[in-house]
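Notes follow the structure.
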Amino acid sequence: MEPSVHWPAHAAPSRPACSGGSPGMYYRAMRRFEGGKDRFWEIRRDGTTVHTRSGKIGTDGKTTAPKRFASLAKAEVDIQKRIAEQIAKGLSEVMRAVAPEPANPDLERQIIEDPTDPGRCLVYADWLQGQGHPRGELGVLQSARASRSDDAGLAKAEQKLFEQHPELAPPRLMQAVRKHRKTGQSDDLPAVTWENGFIAAARIARGSDRSTFTVRELVVELLAHPAARFLRELRIGGLGPDLHDYADVIDELRRGCPSTLRVFSLVDLPPGSAELVFANLADVTPLLAAMPLLEELRLAGNHVHLRELALPKLRRLAVATSDPDVLRALSATSLPALEALQLSSGDAPMPAAALAQVLSTSWRVRRLAITRTANTDELAPWLVKSALLPALAELDLSGGKLSDAGAGVLALAKPKLEHLERLDLSGNTLSPTAVKQLATLCASVRLDDQRTASTATISERDLRRMSPDASALAKGREVANPKLWPTLGRDDDTYWGTCRGSDLYEVYVRVPSLANGCSCPSGKRPCKHTIGLAILIAGGHAFEPRPTPRGLTSRATSSRYYSAGE
């Protein structure tokens, strides 16, 4: 049976957005008011239920208990009364429900069936032009630009059309994209891709607390806008510094996300980030159930809840987690179209028993990646007897802690591995002898970037013991990226380095005492830079023997000296 398509309000074939209808049948965009001392107030109706939220601009504020009414008319009366009260307090409306656009259900269904077919999109653009709507002209211009990207005349005409008809695009999201494109404040940037008059792909993130709009605000605006009618790809990045709870964002996604999505990523990570981030994703099961056409899914968070996964068209799945419950939920799922599976525990141990259940499924996966695991040796026996192995073309075990012990397991299983087209064992802790032993396991074996096996006595338990909380440990894993450390050295029992942050910070950790320090101004000790350095030590990263710079430990320790042994 083909999955059914849920139409968001602005694309519903039966009626335009914000019209009357049966309660609970559509998602209505919020109306937002701002003013006073940097305050905002929002109101939205879902069927006969009215929701409000208020707080300081730049935050997501707090919600009040929803009010339910006996009819739509009574709900609307309440909304108008509350809006009048806010206007009387000096607030002005800055975001309201977008006016409905012409809809042609038959043409829209054809586009949803194959959104990459430019012919179908052009037919729809011609129809919109016939209705006198400027989105039709935008579709024709963008279609022409797709084949003539260097045509300055087309680019100028497109820009002029947006200026003449600002209602064609979600204004706050476009403002955020332009601002970040101009300033380049961070790697965690919002982005939008237009095709044939509509937004085909969007990435929503907040890399700095100086960003004007929150991720939740931008998500709400995008999903309620007609430009997102055929949205195929949505990636949600970071919420901003020290913000990790995605519950409100997930709630807004569940309310308004079109099931036309083919690609969804939560949390989408900028290049060079750790694969496992500190993020509370709550229960994503209802959200994913509303995306029946999904072909690619990425979930990355140390607090992700997944009860089941019913995605018959899913071809590529990437999950960064060390939670055995998530792995067990995956193992109980039927994914008939799955071609590529990527699992990572972000340098933490991967639960072996739960992973074994995943490896025993009947999926016909062609590409399997189990990366950044702290217990690769423990996983090797399960891999070589996995039910997935015979159908694999590629196996990736890079960036983990595969040692000579695990290499022996793989070498003995050569008859089961030699059919592979590609095997990636790079970035592990193999000796030169083991590298030579594994070089002929299959047609192509990657074995570069082996790390020196660590003799340091920092364990995963030590990392958790020295971390003030789960957030600090997760952020430390993000900072444990060698690209962020211009200098790393070892002087007897002192491992030290300089880390790029808001400034260049000096950091050290002593082994085995775990005495440590960092020159950053954070009030949380040990800070994420210190924990990041400890993770690099525990992971066996190569430290060049070199003297500790004079005064480094004094500057890093200052008055905030901490020792895990004290």
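The values are calculated or read from the model by the stated rules, or taken from the named source; none is laboratory data. Note that the coordinates shown come from a computational prediction; the quantities given were computed from them, not determined experimentally. So basically every Cβ, Gly included, is an ideal-geometry build from the backbone, and we count neighbours across all protein chains shown.
Exactly one condition in (1) closer than 29 Å to HIS303 by Cβ; (2) of a type outside the set (Gly, Ala, Ser); (3) exposed (fewer than 14 other Cβ atoms within 10 Å of the Cβ) is not met by ARG550; state its number.
ARG550 satisfies every listed condition except (1).
Exactly one of (1) crowded, with 21+ Cβ neighbours inside 10 Å; (2) of a type in the set (Asp, Glu); (3) over 16 Å from LEU533 (Cβ atoms) is unmet by GLU506. Its number?
Answer for GLU506: the failing condition is (3).
For the structure I just gave you, tell me whether PRO170 is at pLDDT 85 or above and surrounded by 14 or more Cβ atoms within 10 Å (Cβ to Cβ).
yes
Within the range 397-430, which residues are assigned to a strand (DSSP E or B) and either buried (at least 21 other Cβ atoms within 10 Å of the Cβ) or without any contact (Cβ under 8 Å) to a residue 12 or more places away in the chain (or both)? Lay out the reasoning, then the answer.
The initial filter retains those residues of the range 397-430 that are assigned to a strand (DSSP E or B), namely 422-424.
Once the filter is applied, which keeps residues that are assigned to a strand (DSSP E or B) and either buried (at least 21 other Cβ atoms within 10 Å of the Cβ) or without any contact (Cβ under 8 Å) to a residue 12 or more places away in the chain (or both), the range 397-430 yields only LEU423.
Among the residues of the range 362-373, are any modelled with pLDDT under 95, surrounded by fewer than 18 Cβ atoms within 10 Å (Cβ to Cβ) and of a type outside the set (Ser, Thr, Tyr)?
yes
Can ARG135 be described as among the basic types (Lys, Arg), within 16 Å of ALA227 (Cα to Cα), touching a Leu at 6+ places or on another chain (Cβ under 6 Å) and touching a residue at least 12 places away in the same chain (Cβ under 8 Å)?
yes
How many residues does the range 202-227 contain that are out of contact with any Ser or Thr (no Cβ under 9 Å at 6 or more places or on another chain) and either within 16 Å of GLY301 (Cβ to Cβ) or not in a loop (DSSP other than H, G, I, E, B) (or both)?
12
Within the range 528-556, which residues are hydrophobic (A, V, I, L, M, F, W, C), closer than 20 Å to SER467 by Cβ and touching a helix residue (DSSP H, G or I) at 6+ places or on another chain (Cβ under 9 Å)?
Of everything in the range 528-556, those that are hydrophobic (A, V, I, L, M, F, W, C), closer than 20 Å to SER467 by Cβ and touching a helix residue (DSSP H, G or I) at 6+ places or on another chain (Cβ under 9 Å) turn out to be ILE531, LEU533, ALA534, ILE535, LEU536, ALA538, ALA556.
Of the residues in the range 320-347, how many are surrounded by 17 or more Cβ atoms within 10 Å (Cβ to Cβ), among the aliphatic types (A, V, I, L, M) and more than 18 Å from LEU383 (Cβ to Cβ)?
Residues that pass the stated criteria total 4.
For the range 337-392, name all the residues that are touching a residue at least 60 places away in the same chain (Cβ under 8 Å) and not polar (S, T, N, Q).
Selection gives GLY346, ASP347, ALA348, PRO349, ARG372, ALA374.
Being in contact (Cβ under 8 Å) with a residue 60 or more places away in the chain and within 21 Å of GLU252 (Cβ to Cβ): is that true of GLU93 here?
Values: in contact (Cβ under 8 Å) with a residue 60 or more places away in the chain: yes; within 21 Å of GLU252 (Cβ to Cβ): yes.
Yes; evaluated as a whole, the condition is true for this residue.
Under 7 Å between Cβ atoms, which residue pairs at least 6 apart in sequence (or on different chains) link something in the range 517-543 that is within 19 Å of ARG461 (Cα to Cα) with a partner that is surrounded by 24 or more Cβ atoms within 10 Å (Cβ to Cβ) and among the hydroxyl-bearing types (Ser, Thr, Tyr)?
Correct list of pairs: LEU533/TYR495; ILE537/TYR495.
Counting only residues that are surrounded by fewer than 22 Cβ atoms within 10 Å (Cβ to Cβ) and under 12 Å from GLY532 (Cβ atoms), how many does the range 484-497 have? First the steps, then the outcome.
Taking the range 484-497 first, the residues surrounded by fewer than 22 Cβ atoms within 10 Å (Cβ to Cβ) are 484-494.
Now restrict to residues that are under 12 Å from GLY532 (Cβ atoms): 484-485, 488.
Counting residues in the range 484-497 that are surrounded by fewer than 22 Cβ atoms within 10 Å (Cβ to Cβ) and under 12 Å from GLY532 (Cβ atoms) gives 3.
Does the range 431-454 hold any residues that are surrounded by fewer than 20 Cβ atoms within 10 Å (Cβ to Cβ) and small (Gly, Ala, Ser), and which are they?
SER431, ALA439, ALA443, SER444, ALA453, SER454
Would a scan of the range 309-319 turn up a residue that is within 13 Å of the chain's Cα centre (by Cα), buried (at least 21 other Cβ atoms within 10 Å of the Cβ) and either over 23 Å from ALA353 (Cα atoms) or not hydrophobic (A, V, I, L, M, F, W, C) (or both)?
Among the residues of the range 309-319, not one is within 13 Å of the chain's Cα centre (by Cα), buried (at least 21 other Cβ atoms within 10 Å of the Cβ) and either over 23 Å from ALA353 (Cα atoms) or not hydrophobic (A, V, I, L, M, F, W, C) (or both), which makes the answer no.
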